[in-house]
Structure formats: structure tokens, C-alpha cells
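The structure appears below as C-alpha cells.
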Amino acid sequence: MPENVLGSSRHNQWRVSAHVVDTRRPAQVSRSVQLTSRERSVIFDLQRTAILVIDMQNDFCHAEGWLGHIGVDVTPARAPIAPLQALLPTLRAAQVPVIWLNWGNRADKLNLSPALLHVYNPNGDGVGLGDPLPVSGAPVLQAGSWAAEVVDELTPDANDIRVNKYRMSGFQDSELDSILRNLNVTTLLFAGVNVDQCVLCTLQDANFRGYDCLLLEDCSATTSPAYCRDATLYNVQQCFGFVVNAAELQQQLENAS
């Protein structure tokens, strides 16, 4: 049998030699998890699951970041930090890929349209995407900057996966879908901020692409009014997936270990 491996994911590899190409993927043993989702329960395969942690960045979750600069109270955006600190090590131990999906724009902003720039700087004279923050000087949500980095309390592990996004949906104009398909993922857990904006847009696009979507209610938050969160939870459960609890997931994984 050929011994040379082609493929960056253990779930999607060929084995090749000068004489044979073996395209059979490695077999996977299903690992079922069952969680409460409102009045029902949902069962999914942990072996084909990944978690997307969306926009837990300094610009959204640190008092000296972009939202703090424009006068937004970032306290609600920090609510997912503690539950994610507890959950992520458990998911890593269960070999569930952890994907950090963050705004990380180009320095020249050539992939950002005027319409997108206008959303965050409507009059053209404020601090918008790529502009320096007054306190730190870090360019807003620019890849490689302090502003776009994950908050210190949630330092990514060396084996985690980082994906930059440039729209409210992390699937638009990014490599996210290719990475997930290489990982053989069919179920996505969603966490982060803002649940009614970037988390929701990414979850909707995932649903449209055929992924099974589970929103971790206790690992998601928003700085928007409470009715925005309420409407998001309703619409996710009604139309796009399931609303579940990270604490229940963590308890099941710990009991199974």
C-alpha cells in the first residue's frame, strides 16, 4: 500500500506512491452528543463538529478598543469569555477543531467597498475600518494589529485555526468553507459577538451551505438592545438551526472522558 500522504487534514487524505493512488479517506467512528434545544433535543456527531468563535477581539471586547472608543459599553460583549474559557479546553481534549473567525482587514482596504466602509464611518470623518484608535494607535480591525487580536483572556492554542473575515458573514470572500470541508465538518457550534450581527450572518450562511448549526446561547452575546438578542435566538431556532447550552455540552464531554 502507498505510504506517502497528501492532505493537510487527517480526515481528508490520499495515500500515494509512484504506482498507486488510494483515495479512500480514513474511517471515522461516530461520537454522538445529545443536547436540549428548547422543547426538543438534538443529536449530532462530535467527530464531524467544529466550533466557530466569532469576533472575540479587542476592538469589540476591550474597553480601549473600537467600540469602547465610540462610547459603547463592552461589558455585554465580554460575557462569553468565562464560559469559553471553560468550554474550549474540553473541546480541544475531545479533538473538536477550534476556529477563531475574526475581522482582519487588509491594510490597503482594497477588499472593502465604500458601502461597507460607510456602515462604520457614515460621515467619513470618524474612526472607521483601518483608522488608528486614539489611545493605542492600532488600526481598527486590521489584520495583525492589537485591535483585531483575540482578547488576552482567550488566547488561542497553537493548534487552533485562525480565519480572517471581511464581512459580517465569515463565509463571504474567505477560505472558511474550504477549511471546514477539508476537516470533514458537517456540524458547527457558534459562539462570540455580536450574536445578532456577525454571529447570525455567519450562521445563516452556514445553514444556506448545508451545515447543521448549533448556537451556544451562553457563549454568545451582543451590545445591541435585548430585543435584538431575543429575535436572533427565536429566528435561529425557528429557521436556521438550534439554540443549545454550552454548559450542558461541557458536562456531557467531561462525563464521557
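The values are calculated or read from the model by the stated rules, or taken from the named source; none is laboratory data. Everything numeric here is computed off the predicted structure, so don't read it as measured data. Ideal geometry is used to build each Cβ from the backbone, glycine not excepted, and the neighbour counts take in all protein chains shown. Just so you know, the surface numbers come from the protein's heavy atoms only, side chains and all, with ligands and any DNA or RNA stripped out. Shrake-Rupley method; radii C 1.70, N 1.55, O 1.52, S 1.80 Å.
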- Note on the structure: The condition from (1) of a type outside the set (S, T, N, Q); (2) surrounded by fewer than 20 Cβ atoms within 10 Å (Cβ to Cβ); (3) within 30 Å of R25 (Cβ to Cβ) that P134 misses is numbered (3)
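Just for segment 178-195: of the residues that are assigned to a helix (DSSP H, G or I) and among the aliphatic types (A, V, I, L, M), which one is surrounded by the fewest Cβ atoms within 10 Å (Cβ to Cβ)?
I179
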- Query: Restricting attention to segment 211-248, and to residues there that are touching a residue at least 12 places away in the same chain (Cβ under 8 Å) and among the small types (G, A, S), which single residue is nearest to G68 (Cα to Cα)?
  - Reply: S224
- Only residues in segment 114-136 that are touching a residue at least 60 places away in the same chain (Cβ under 8 Å) count as the first member; pair them with residues that are in a strand (DSSP E or B), Cβ under 8 angstrom, at least 6 apart or cross-chain, and list the lot. L133/P139
- Task: Return a yes/no flag: does segment 1-16 have any residue that is touching a residue at least 60 places away in the same chain (Cβ under 8 Å), touching a helix residue (DSSP H, G or I) at 6+ places or on another chain (Cβ under 6 Å) and either of a type in the set (F, W, Y) or assigned to a loop (DSSP other than H, G, I, E, B) (or both).
- Result: no
- Message: Tell me the residue from L253, L233, L203, L215 that is in a helix (DSSP H, G or I) and crowded, with 19+ Cβ neighbours inside 10 Å, please.
- Response: L203
- Filter segment 152-177 for residues that are among the charged types (D, E, K, R) and part of a strand (DSSP E or B); which is surrounded by the fewest Cβ atoms within 10 Å (Cβ to Cβ)? R162
- Message: What are the pairs with Cβ atoms under 9 angstrom where one residue, in segment 60-74, is more than 19 Å from P225 (Cβ to Cβ) and small (G, A, S) and the other, located anywhere, is open to solvent by less than 20 Å² (accessible area, probe 1.4 Å) and not in a loop (DSSP other than H, G, I, E, B)? Sequence gap at least six, or different chains.
- Response: G65/Q57; G65/N58; G65/D59
- Message: Among the residues that make up segment 17-32, is at least one of them in contact (Cβ under 8 Å) with a residue 12 or more places away in the chain, in a strand (DSSP E or B) and aliphatic (A, V, I, L, M)?
- Response: yes
- Residues in segment 67-85: is at least one in a loop (DSSP other than H, G, I, E, B), open to solvent by 50 Å² or more (accessible area, probe 1.4 Å), modelled with pLDDT under 95 and hydrophobic (A, V, I, L, M, F, W, C)? yes
- Note on the structure: Selection from segment 105-151 of residues within 21 Å of G192 (Cβ to Cβ), part of a loop (DSSP other than H, G, I, E, B) and not aliphatic (A, V, I, L, M) yields G144, S145, W146, E149
